[in-house]
Amino acid sequence: MEGLAEAARGALRLIVSGDATLGGIVLLSLGVSLSAVLVATLVGLPLGAAIGVGRFPGRRAVVVLLNALMGLPPVVVGLFVYLMLSRAGPLGSLGILFTPTAMVIAQTVLILPIIAALCRQAVEDAWAEYEEQLRSLGATGLSAALTVVWEIRFSLLTAVLAGLGRASAEVGAVMIVGGNIDGVTRVMTTTIALETSKGDLPLALALGLVLILLVIALNAAAAYVKDAAQRRYG
Amino acid sequence: MILPLKLEDVFFVAAGRVILERISAEIGAGPSTIILGANGAGKSVLMRLMHGLLAPASGKIRWGNGDAARLQAMVFQRPVLLRRSALANVTYALKLARVPRAERERLALEALESVGLAAFAPRPARVLSGGEQQRLALARAWALHPEVLFLDEPTASLDPTATREIERVIQAFDAAGTKIIMATHNLGQARRLGDEVLFLHQGRLVERAPVEQFFSRPASPEAAAFIKGELPWV
Amino acid sequence: MGLILRLLCTFCLAGSASAQPRFITVASTTSTEQSGLFKHLLPIFESKTGIQVRVVALGTGQALDMGRRGDADVVFVHAKPLEEKFLAEGFGVKRHDVMYNDFVLIGPKPDPAKIGGSRDVLEAFRKIRAAQAPFVSRGDRSGTHFAELEIWKTAGIDIARDKGPWYRDTGQGMGPALNIAAGMNGYILADRGTWLSFKNRGELGVLVEGDKRLFNQYGIMLVNPRKHPSVKQQLGQAFIDWILSPEGQNAIAGYKIGGEQLFFPNSE
């Protein structure tokens, strides 16, 4: 209990002090996770929608696999991406290991199944309502699927936020592919891991609180945008 | 002309049950056709088979000459509208039909006017009342000036006032030359709007006659029982 | 939206090697980084040469593997036999001594194995095993882990066979292992640098030190560009040259925590 209170005070001090190093770490964390969410959404929404309305042999297996991939352990994803990007690996010549780009790639791989699977479920449910009418009007295939996606865009925001939550919280993937390099690839979660392993638990806890507050702020902003847009479009 | 529509020995099976059995008919231009029958007789399935939303288990469904897919439209018992303005719902249908962008808004407004909804054009479609939404669905179907308009129990979910409004619109479309094919179990409506009746009983086409003849001198015992109100369900 | 796109572009640019400031990747150990040495040393080198040094901190074994894969330009670790093996395999160009510090045997104040104050680490290890007192091992192929195993061996104990529930093989870095030792009041072998900057001590303190078997030598090597052409040979060698130069060696000696020097330069 006392440790928690001390951490809360520490968190407040950190936020108020406007420490430049912390600021840089926070910006990097946001940049990496938001970029990953952006890419994963651009790829995952159409993918999920296509599976949601599509009827093809093996579809059930694809759905099961997609759902299962939501539970990909971050450290496994990190390891896989590391082996891909290592100089000894197939994409080594790109030279992007231990850079923020590698971290974005790893997090994108991690959260793509989450966004796609949740979108697939939402689209499939909505498709039951829209299918007949859209087919009657002559909308087919991907065009119909994307129309449904746009219809349920506010519900899909939850899927996107789920991806953002997963990305901001994970440490395994970014640690391995980023290397936690001071000033280059050190983000909030890897900093917390580092301070914990150095035994500076109050600082680690304070950083943890800052991270949680950040994620809450992002979710609150998303909720506000959603409500405003919903009022406009009904 | 995409009419006449020819049905030859059409069967439809679902979940091991025969829903429609050996339906043969030729539906030509001109008189508005009512598909009449008790609940569960197979009216909705027949409508969807004719419109192309379902495929028959056996038998043939053949249209005349022309782009059959484009020149027909369907209005369902519950209107499925997109989360956009009333006008945008209609322009969406026009866009699917590849009407050039410059024409879309004009044609959409015309369609809204024809159903008395011109003032509602900018309103979100989903905040309209049940009757207004159904009128919007009619406007959307009408905007493409289809040769054939299918209506599947269009007023079954509406109150008497809204029902009268919808019937007025349908009569106007009929007068303008659109072929009306409407499914209903409402005897009064069939008499008000129909010129001929196709009577379905337990998945079979039992009787076909001009509307006055059907109601005053039904040829089959099932039709007679239905008119007397002794066959509410199958 | 705009902010996100701008950040994304920044990363794309940051990611492409060609748009980079000059930098090298150094694979080193967690204990070296957590001691704070790099935070003290690197700004001096960077301001002098304009070369950014990016340190990836892992266990010694992993750091050398990084060199083998060509993902680092320079390796800077502290396990001489492993480094010489690395050299013999052809992955390194030349090995140089850089600095040394020592290990210390940490334990709880109650000291159930009664080793406090001794200067004989072999005897201390034997007593710990005899008392079956909780002992925390790094277990992660690090220099410290390697040193610990050597001590068991020299003390005549086959630890792989003799370990019981008292021996906690954690597979973690120095910091987490110290956390565990503090949490369970166990014994642990640690490098003095990490110990000095470790804050979560609980009831732990230094019990055995000064034994020459606790000597911990650090070495630095350039990864062989003939095995990995992507190695930044010139920049990497510039770093090595500087570390070994009087200026670099003085900088190492100048790093203190609470007035105590952590590392002792000893290049040729």
(message) Compute the helix-to-body angle for A:2-17: its Cα long axis versus the longest principal axis of chain A, expressed 0 to 90° and rounded to tens.
(response) 80
(request) May I ask you to compute the full-extension gain from C:A88 to C:S230, defined as 0.36 nm times their residue separation minus their alpha-carbon distance, rounded to one decimal in nm? (result) 49.1 nm
(message) Quick one: 3J(HN,Hα) in Hz for segment A:205-210, Karplus 6.51/-1.76/1.60 with θ = phi - 60°, rounded, Gly and Pro as x.
(response) 5, 4, 4, x, 5, 4
(message) Rounded to two decimals, what is the ratio between the C-alpha radius of gyration of segment C:102-214 and 2.2 N^0.38 Å?
(response) 0.92
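Let me spell out the model: positive unit charges on the Cβ of Lys and Arg, negative unit charges on the Cβ of Asp and Glu, origin at the Cα centre of chain C. What dipole size does that give, in debye rounded to 20? Show your work: numbers first, answer last.
Values: 32 positive and 27 negative charges, 78 e Å.
The dipole magnitude comes to about 380 debye.
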(message) Can you give the local net charge around C:F198? Use residues other than it whose beta-carbon is closer than 12 angstrom to its beta-carbon, Lys and Arg +1, Asp and Glu -1.
(response) +1
(request) Give a residue-ordered list of calculated ³J(HN,Hα) values for segment C:167-176 (Karplus: 6.51 cos²θ - 1.76 cosθ + 1.60, θ = phi - 60°; whole Hz; x for Gly, Pro). (result) 9, 9, 8, 8, x, 10, x, 4, x, x
(request) Run a plain Debye calculation on segment A:58-168 (Cα atoms as equal point scatterers, no solvent) and give log10 I(q)/I(0) at q = 0.17 Å⁻¹, rounded to two decimals, same order as the q list. (result) -0.88
(request) State the Cα centre-to-centre distance between segment A:96-117 and segment B:131-148 in whole Å. (result) 47
(message) Can you pull out the trypsin sites (Lys or Arg not before Pro) in segment C:203-242 whose DSSP state is coil and whose Cβ has at most 11 other Cβ atoms within 10 Å?
(response) C:R226
(request) Sum up the charges of everything whose Cβ sits under 13 Å from the Cβ of C:E33, counting Lys and Arg as +1 and Asp and Glu as -1, but leave C:E33 out. (result) +1
(request) Please give, to one decimal in nm, the separation of the simple spin-label points placed at A:T158 and A:A220, each 7 Å out from Cα toward the Cβ. (result) 2.2
(message) Using only the alpha-carbon atoms, what does the protein assembly as shown span along each of its principal axes? Please give whole angstrom values in decreasing order.
(response) 119, 54, 52
(request) From other protein chains only, count the Cβ atoms within 10 Å of every residue's Cβ in C:62-73, then give the mean. (result) 3
(message) Let me check I have the definition right: for segment C:123-181, take the eigenvalues of the Cα gyration tensor, multiply each by 5, take square roots. What are those semi-axes in whole Å, largest first?
(response) 18, 13, 9
(request) Quick one: work out Rg over Rh on the C-alpha atoms of segment B:182-226, Rh as Kirkwood radius. (result) 0.91
(message) From the helices alone, meaning DSSP H stretches of at least four residues, give me the mean residue ellipticity at 222 nm for chain A, per-run term -39500 (n - 2.57), in deg cm²/dmol to the nearest 500.
(response) -27500 deg cm²/dmol
(message) Rounded to whole Å, give me the distance from the Cα center of segment C:33-110 to that of segment C:194-235.
(response) 6
(message) On a straight-distance basis, which lysines could pair with B:K95 in a cross-link, Cα separation under 28 angstrom, same-chain partners fewer than 8 positions away excluded?
(response) A:K226, B:K179
(request) Shielding by partners for A:88-101, please: the mean number of other protein chain Cβ atoms within 10 Å of each residue's Cβ. (result) 5
(request) Report the trypsin sites (Lys or Arg not before Pro) located in segment A:1-70 that are in a DSSP loop and have at most 11 other Cβ atoms inside 10 Å of their Cβ, or state none. (result) A:R55
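Could you check what % of the DSSP bridge pairs in the protein assembly as shown are antiparallel, to the nearest 5?
55
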(message) For a Förster distance of 22 Å, can you work out the FRET efficiency between the beta-carbons of C:D158 and C:R119, rounded to the nearest 0.05?
(response) 0.35
(message) Amide H of C:Y187 versus every other amide H placed in the peptide plane: which residues, excluding those fewer than 5 positions away on the same chain, fall under 5 Å?
(response) C:F135, C:V136
(request) Normalise the Debye intensity by I(0) for chain B, one equal point scatterer per Cα, no solvent, then take log10 at q = 0.08 Å⁻¹ and round to two decimals. (result) -0.30
(request) Could you work out which residue, out of A:M84, A:M103, A:M175, moves most in a Gaussian network model of chain A, that is, has the largest mean-square fluctuation with Cα springs under 10 Å? (result) A:M84
(message) Could you tell me how far the Cα centroid of segment A:175-233 sits from the Cα centroid of segment B:1-28, in Å?
(response) 62
(request) Taking H placed 1.01 Å from N in the peptide plane, check which residues at least 5 places from B:E207 or on another chain put their amide H under 5 Å from its amide H. (result) B:F199
(message) With θ taken as phi - 60° and the coefficients 6.51, -1.76 and 1.60, list the Karplus ³J(HN,Hα) couplings across segment C:127-136 in order, rounded to whole Hz; mark glycine and proline as x.
(response) 5, 4, 5, 4, 7, 6, 6, x, 10, 9
(request) Using R₀ = 56 Å, calculate the FRET efficiency as 1/(1 + (r/R₀)^6) where r is the Cβ-Cβ separation of C:E203 and A:L142; round to 0.05. (result) 0.30
(request) Mind giving me the FRET efficiency for A:D125 and C:R22? R0 is 60 Å, r the Cβ-Cβ distance, nearest 0.05 is fine. (result) 0.65
(request) Quick one: which residues, 5 or more positions from B:L151 or on another chain, have an amide H under 5 Å from its amide H? H modelled 1.01 Å from N in the peptide plane, none for Pro or chain starts. (result) B:V75, B:I181, B:M182, B:A183
(message) Restricting to DSSP loop positions (anything but H, G, I, E, B) with no more than 11 other Cβ atoms inside 10 Å of their own Cβ, which trypsin sites (Lys or Arg not before Pro) remain in segment B:145-234?
(response) B:K228
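A short reminder: the numbers here are calculations on the coordinates, not readings from a lab. Please read all numbers here as calculations on a predicted model, not as lab measurements. Virtual Cβ from ideal backbone geometry, glycine too; neighbours counted across all protein chains shown.
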